[in-house]
Amino acid sequence: MRHLPCALFAVLLSARLLAQPVVTGSFQFEGILRDYRLYIPSSYSPGTPAPLVFNLHGYGSNNLQQEYYGDFRAIADTAGFIIAHPNGTLNGSGSRFWNTFGTSNVNDLGFLAALIDTISAQYSIDADRVYSTGMSNGGFMSHDLACFRSERFAAIASVTGTMITARMNSCAASHPTPVMQIHGTADGTVPYNGGGGFVPVVDLMTHWAQVNNCNTTATIMPVPDIVTTDGCTVEHHVYEGGDAGSVVELFKVLGGGHTWPGASFITGVTNQDINASVEIWRFFSRYRLSDLQTTIAEPVPVSFTVGPNPSTDVFHLRFTDPVLRTITVLNATGQRVREIRSTATEVLLDLDGHGLFLVQVQEGAYRATQRIVRM
């Protein structure tokens, strides 16, 4: 998403000439020069560890635009956190992106982990309070960080970004990970209901609720419609009861577009009943990485058998213990074709169609997958 036309962006930029110091930097990572911007809050004091928030731009945008569009600076001045605005790399068409779609060999997961180390060498950073958020492709990247670099992040939030099916299916979060999602139901770029390999938002929330062992049924609360002229309203969905106090939250913007709620620059249907930046920091500020990690026991592998396999008829899934589990069946293209929640030690699975399927079994934070073939 290209957020700001150049002329309007220049006006916004000139209005903030007296802002707190911004530091720019770069370093070589795996043969690529990577650059970033840091916003240092007025309250920062060397020697006093400060939280660190990554704020990642969308596809085709850049770190400077994201700094102004998804703006956390005034909040950072009060709350005392440093904001990192890194740049993605350029693709063949000259658009900046984060490698969350499997179309590139760029190691953004490694770069962002290295960026934490680089910033920590220059500033006093509280390693217990590192978070990531982002717009669109930056939201996708934040979900990737929660799945594949969870040892560095206490919580993540995404505005208008989800995951691709293959990435979610291979997600390997090492601790309960609080997640906030903000998404419009009329988003024409990353559809709320998924499609084209994008995971539907409801499925994404269910995934994180299962990872965190939250209630998989959300409490839904309407948000007061303070600004009646913005063309949309908001529901607040909360999945509570997760391990180590983890929660999954969704702000479902009814009629909202591919936009950042509360943004001062309006493009498309932009909700003004909430401020995404305020809500995200409210969410982040509750969590410490060490609190989430210390409750994790050694992983207990999920064990089950399937027979017969291949089969021309019904598959028998057999389990050792009568615990609540979610059984999800995906077809060869990654589409979910069946979901069963059961405590039974034997489940009969009858599938339509033929070919290769994946059976995923989720028990709390742990998951196992087997391939089955219906002849």
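Per-residue accessible area (protein heavy atoms, 1.4 Å probe) orders Tyr44, Tyr131 as Tyr44, Tyr131, starting from the largest. Once you divide the Cα radius of gyration of the stretch 163-318 by 2.2 N^0.38 Å, the number left is 1.24.
Percent of Cα-Cα pairs more than 16 Å apart in the stretch 65-135, please. The partial results should precede the final answer.
Working: 1441 of 2485 pairs.
Summing the P(r) of the stretch 65-135 above 16 Å gives 58 percent of all pairs.
Its Cα gyration tensor gives the stretch 99-205 an equivalent ellipsoid; the semi-axes, largest first and in whole Å, are 25, 14, 13. By the helix-only formula, in which each DSSP H run with n ≥ 4 contributes -39500 (n - 2.57) and the sum is divided by residues, the chain has a 222 nm mean residue ellipticity of -6000 deg cm²/dmol. Phi-derived couplings, Karplus 6.51 cos²θ - 1.76 cosθ + 1.60 at θ = phi - 60°, listed residue by residue for the stretch 120-135: 5, 6, 10, 9, 7, 10, 7, 4, 7, 9, 10, 9, 9, 9, x, 9 Hz, with x used for Gly and Pro.
Within the accessible area of the chain, what % is carbon and sulfur when the probe is 1.4 Å and the other protein chains stay in place? Whole-percent figure for carbon plus sulfur exposure: 54. Computed from label points 7 Å out along Cα-Cβ, the spacing between Leu348 and Ser93 is 5.0 nm. Taken along the Cα-to-beta-carbon direction at a fixed 7 Å, the label points for Ala166 and Thr185 span 3.3 nm. Counting only heavy atoms of the protein chains and using a 1.4 Å probe, Glu151 has close to 90 Å² of accessible surface. Principal-axis analysis of the Cα atoms of the chain puts helix 201-211 at an angle of about 70° to the longest axis. Ranked by solvent-accessible area (1.4 Å probe, protein heavy atoms only, all chains present), the residues Met221, Met168, Met375, Met205 order from largest to smallest as Met375, Met221, Met168, Met205. If I fit a long axis through the Cα atoms of helix 137-148 and take the longest principal axis of the Cα atoms of the chain, what angle between them do I get, 0 to 90°, rounded to 10? The answer is roughly 60 degrees. Mean projected area of the Cα convex hull of the chain, taken over all directions, amounts to 19.7 nm². Residue separation of Ser42 and Ile226 scaled by 0.36 nm, minus their Cα-Cα distance, works out to 63.1 nm of gained length. The angle between the Cα long axis of helix 6-15 and the longest principal axis of the Cα atoms of the chain comes to about 60 degrees, rounded to the nearest 10.
When the residues Thr185, Thr165 are ordered by accessible surface, computed with a 1.4 Å probe over the protein chains alone, the sequence from largest down reads Thr185, Thr165. Start at zero, step by 5 Å, and the Cα-Cα distances of the stretch 192-248 spread as 4, 18, 19, 18, 17, 15, 8, 2, 0 percent across the bins. Running a GNM on the chain with Cα contacts under 10 Å, which residue among Gly134, Gly70, Gly262 ends up with the highest mean-square fluctuation? Answer for the Gaussian network model of the chain: Gly262. The residues neighbouring Glu346, those whose beta-carbon lies less than 13 Å from its own, together hold a net charge of +1 under the Lys/Arg +1, Asp/Glu -1 convention.
If the viscosity is 1.567 mPa s and the temperature 4 °C, what Stokes-Einstein diffusion coefficient in µm²/s follows for the stretch 121-175 when Rh is the Kirkwood radius over Cα pairs?
Working: Rh = 11.6 Å.
Result for D is 112 µm²/s.
Here the spin labels are modelled as points 7 Å beyond Cα on the Cα-Cβ line, and at Asp321 and Phe101 they lie 4.1 nm apart.
Surface exposure of the chain, expressed per residue as accessible area with a 1.4 Å probe, stands at 41 Å².
The values are calculated or read from the model by the stated rules, or taken from the named source; none is laboratory data. Just so it is clear, the structure is predicted and the values come from calculations on it, not from any experiment. Methodologically, a virtual Cβ is constructed for each residue, glycine included, from the backbone with ideal geometry; neighbour enumeration extends over all protein chains shown. Side chains are part of the model used for accessible areas, which takes the heavy atoms of the whole protein and leaves out ligands, DNA and RNA. Shrake-Rupley method; radii C 1.70, N 1.55, O 1.52, S 1.80 Å.
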